[in-house]
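A quick write-up on the structure given underneath.
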Amino acid sequence: MSFEKLGVFKPLLDAIETLGYSEPTIIQKRAIPLVLQKKDIFATAQTGTGKTAAFALPILQRLRKPVEGKGVRAVILSPTRELSIQIHEDIANYSKNMSVKTDILIGGKDLEKQRQRLKSGIDIVIATPGRLLEHIENGLSLNDVEVFVLDEADRMLDMGFTKDIRKIHPLLPKRHQTLLFSATFSDKVRKLSKLILTKPAFIETAKKNTTVETINQVVYQVDTARKAELLAYLIGSRNFPQVLVFTRTKVSADELSEELKKDGLKVGVIHGDKTKANRLKTLTQFKEGKFRVLVATDIASRGLDIEELPYVINYELPSIPEDYVHRVGRTGRAGREGEAISLIDIYEKYDIKEIEKLIGQKIPKETVEGFEPDPNIRRKDIEDIKLKSEHKKQEKKFVKKKAAPKVTAKSLKSAKKKRKTTKRDG
Ligand code: AMP
């Protein structure tokens, strides 16, 4: 099935041909005809599946005829600045043979300049929810919006944008098309979909929480103290041209990058303590090949688009199993082969089991010669691990039980009393 057969028109066909897209991906095959038919869509698709083109191409085609005096005709909401920039770049590439005007509204950039540009007539805006609301407060009207897209909806909700989306949605005209894309099919997303979608078509391109099929996944068991050494060894001995390395915390991201630099590797770091400008700069430099290694925390695991990134290494497993799926989704994009390596110490054995449960598959566990875990550490710590895993199970049960305590006048009173006592103690 070609893009042409899907109904994509010539100016877009020419543009994607120069980008080397010869065949539509699964999500594109299924979504493009439906979007062209103006249907609402609920799609579960991970980054790397070609989902941006799946909504961007038919939207561009729908808006191909300029309408005099109309305001913004399509709004694409995305959770992060980085992802917004990526979508904006992609749309600029796709629309280069068209006269559709696109703009990006993200924080950290001059609001007034963005306002002036909007006044000059923009058809499609790509925005983060907070910044879009700021513009709405400053007079931006959504009255002419024909298509509304929520990209990475699960991430948006996880990042606390629910309220913003609920504020934006009622401002859209009654008749509009909504496209919801989400990597996972969480309860929160489902709830939102009921609010904002009308008779949606469901598109499920990957099974719930499964990782992209073309990714080879492997776990190397190693002692905590030797992880950095093993990582440097793997990069060197396997001659990895570029690698994205994930840590769990900002501190370990910084520490690891210092260690790797000592080994003579060129390393960039992005995490939440870095300014947005700094993160973007590092990302660009990594894309330009100035760093061989990019160390990142999970904030960077979404919305990061690096062409043909072959290797992702989990230096530490994420604390939330779902983040594993997002992390390894950085590789094996659009059908290319990728490899995801996780270095796990004895303390992460429980975490890897949780991940395997989530993705519904076992990941092969191996050791690298010369880096085998010390069995003495194993014996000494095994009791701790059992306790930790037991504790987590108990915690889960407790959270479930305590999930939604009923709020009564009595419970409120007692909570107030408790707060007063705590204040005094503190
Ligand atoms: P996305 O899932 O939108 O982040 O896309 C992942 C990557 O796949 C991007 O680098 C796109 O440029 C690329 N891509 C999207 N569609 C195709 C296609 N049909 N053929 C080849 N590459 C594609």
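The values are calculated or read from the model by the stated rules, or taken from the named source; none is laboratory data. In this text, all values refer to a predicted model and were calculated from it rather than measured experimentally. Here the Cβ is made from the backbone with ideal geometry for all residues, glycine too, and neighbour counts use every protein chain on show. Side chains included, ligands, DNA and RNA excluded: accessible areas come from the protein's heavy atoms. Shrake-Rupley method; radii C 1.70, N 1.55, O 1.52, S 1.80 Å.
Values as computed for the structure displayed
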{"quantity": "Area projected by the alpha carbon convex hull of segment 10-204, averaged over all directions, nm²", "calculated": "10.2"}
{"quantity": "Convex hull of segment 215-373 built on C-alpha atoms - directionally averaged projected area, nm²", "calculated": "8.6"}
{"quantity": "Heavy-atom accessible area ranking, 1.4 Å probe, most first, across Ile136, Ile352", "calculated": "Ile136, Ile352"}
{"quantity": "Sites matching GluC sites (Glu not before Pro) across segment 14-111 that sit in DSSP coil, with at most 12 neighbouring C-beta atoms within 10 Å", "calculated": "Glu68"}
{"quantity": "Ser237 accessible area, 1.4 Å probe, all protein chains in place, Å² to nearest 10", "calculated": "70"}
{"quantity": "Phi to ³J(HN,Hα) by Karplus 6.51 cos²θ - 1.76 cosθ + 1.60 over segment 316-322, Hz, x for Gly, Pro", "calculated": "9, 6, x, 6, 9, x, 4"}
{"quantity": "Probe 1.4 Å, protein heavy atoms only - accessible area per residue of segment 215-373 in square angstrom", "calculated": "42"}
{"quantity": "Out-of-range pairs (alpha-carbon distance over 21 Å; input Lys51/Lys167; Lys70/Lys174; Lys119/Lys274; Lys227/Lys349; Lys191/Lys276)", "calculated": "Lys51/Lys167; Lys119/Lys274; Lys191/Lys276"}
{"quantity": "Student exercise, segment 215-373 dipole from Lys, Arg, Asp, Glu Cβ charges, in Debye to nearest 20", "calculated": "560"}
